[in-house]
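Q: My questions all concern the structure below.
Read-outs throughout are calculated quantities, based only on the coordinates presented, and are distinct from any laboratory measurement. What you see is a predicted model; the values in this text were computed from it and never measured. In this analysis, Cβ positions are derived from the backbone assuming ideal geometry, glycine residues included, and neighbour counts consider all displayed protein chains.
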């Protein structure tokens, strides 16, 4: 009992109050600058972009995963630009150099920010189709945006979206999160020792480890926030109203296969792709170009043959329930 009491004391002393920062009241119209976007409440979201030298054939707005930031799309953005695809990526609130780094905002805030960015980018580049790309946590946000898509959104690309909500977790994980949040929402465990390998690109992982803008220790209230987001995303696939490219790696150790494929099957108009050599960070794995080539082919023609042939390797999918035409 003394050990239990000591553990509880550590929890209590490490932080007693949850600290989240959802969007404030709207005070202005959102606007897009060269290096940042300003949201309706005045929040400034750092922005990166990679533009083709010639005509723009399509546009990608990239949403990063948990604890990452817009730089995650640097190499994919350069590669896509060579194929005529413009890319934008921004630091979501609580990440990178965005407002309140290390702190969660809210599911609604993240979704509304993404919707605003879609509106701004599509207004800046009228004509080319606009796609929302989401990796992991970003994929969960993209799914919710696609449930009520802005007029300028032509489709979503989901790379291992975070659909591992509470209903897919073992009971002890749910209980552990609940207890930790109640007792010490400000506690920041590092996650070391979990032995989860997110990619086969070791050099890239080392760079992430050395990057001060990549969060290494996550507050428990932020963990609860992303699990809340995953709960909502896990319940949302059937509501998605845009064409969807669903990407998953056979070696993914972050988001389990079962909830991932259940989500893919529930999306009304989806193209599901399995990469036998893929991990969780599909557009940064060693075989990233294979994934990016599929993305380009699909963005230009959703019925085109995918260069990888990975759509033939995915589990059988139900027939499309709607055309969800662009």
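Q: Between residue 206 and residue 74, what length comes free when the chain is fully extended (0.36 nm per residue of separation minus the Cα-Cα distance, one decimal in nm)?
A: Taking residue 206 through residue 74 to full extension adds about 45.9 nm, to one decimal.
Q: Give the order of 245, 183, 313 when sorted by the count of other beta carbons within 10 angstrom, beginning with the fewest.
A: So the residues, fewest neighbours to most, are 313, 183, 245.
Q: Using a Gaussian network model on the chain with a 10 Å cutoff between Cα atoms, which of 312, 140, 23 fluctuates the most?
A: Looking only at 312, 140, 23, the biggest GNM fluctuation is shown by 312.
Q: Quick check on the chain: helices-only [θ] at 222 nm, where DSSP H runs of length 4 and up contribute -39,500 (n - 2.57) each and the sum goes over total residues. Nearest 500, please.
A: Dividing the helical sum by the residues of the chain leaves -10500 deg cm²/dmol.
Q: Return the whole-Å distance between the Cα centroid of segment 288-309 and the Cα centroid of segment 93-107.
A: 32 Å
Q: Another question, if that's okay. For the chain, find the longest principal axis of its Cα atoms and tell me its angle to the long axis of helix 171-183, 0 to 90°, nearest 10.
A: 60 degrees
Q: Same structure, new question: For segment 116-141 and segment 212-278, compute the distance between their C-alpha centroids and round to whole Å.
A: 17 Å
Q: In addition: Any idea how far apart residue 53 and residue 293 come out in nm if each label point goes 7 Å out from Cα toward Cβ?
A: Those two pseudo-labels are separated by 2.2 nm.
Q: Is segment 239-298 rounded, prolate or oblate when judged by the Cα gyration tensor, a ≥ b ≥ c being the square roots of its eigenvalues, rounded requiring a/c under 1.5 and prolate requiring a/b larger than b/c?
A: Judged from the Cα gyration tensor, segment 239-298 comes out oblate (a/c at least 1.5, b/c at or above a/b).
Q: Now a separate question. Which order do peptides 131-139, 203-211, 230-238, 291-299 fall in by mean Cβ count within 10 Å, highest first? Display every interim value, and only then the final one.
A: Numbers: 131-139: 28.0, 203-211: 12.7, 230-238: 20.3, 291-299: 22.3.
The peptides rank, most packed first, as 131-139, 291-299, 230-238, 203-211.
Q: To the nearest 10 degrees, how steep is helix 288-300 against the longest Cα principal axis of the chain, on a 0 to 90 scale?
A: Helix 288-300 and the main axis of the chain meet at about 50 degrees.
Q: Residue 82 versus residue 216, label points 7 Å from Cα toward the beta carbon: distance in nm?
A: Inter-label distance under the simple model: 3.3 nm.
Q: Then there is this: Would you work out if segment 174-326 is rounded, prolate or oblate? Take a ≥ b ≥ c from the square roots of the eigenvalues of the alpha-carbon gyration tensor; rounded if a/c is under 1.5, else prolate when a/b is larger than b/c, oblate otherwise.
A: It comes out oblate by the Cα gyration axes.
Q: Turning to a different aspect of this structure: Pairing the Cα long axis of helix 220-234 with the longest principal axis of the chain, what angle in degrees results, from 0 to 90 and rounded to the nearest 10?
A: In the chain, helix 220-234 runs at an angle near 40 degrees to the longest axis.
Q: On to the next question. Which of the three applies to segment 57-151, rounded, prolate or oblate, going by the alpha-carbon gyration tensor with a ≥ b ≥ c and a/c under 1.5 meaning rounded? All intermediate terms of the calculation are to be shown ahead of the outcome.
A: Working: a/c = 2.00, a/b = 1.31, b/c = 1.53.
Oblate.
Q: Based only on other Cβ atoms within 10 Å, what is the fewest-to-most ordering of 244, 109?
A: Exposure proxy ranking, most exposed first: 109, 244.
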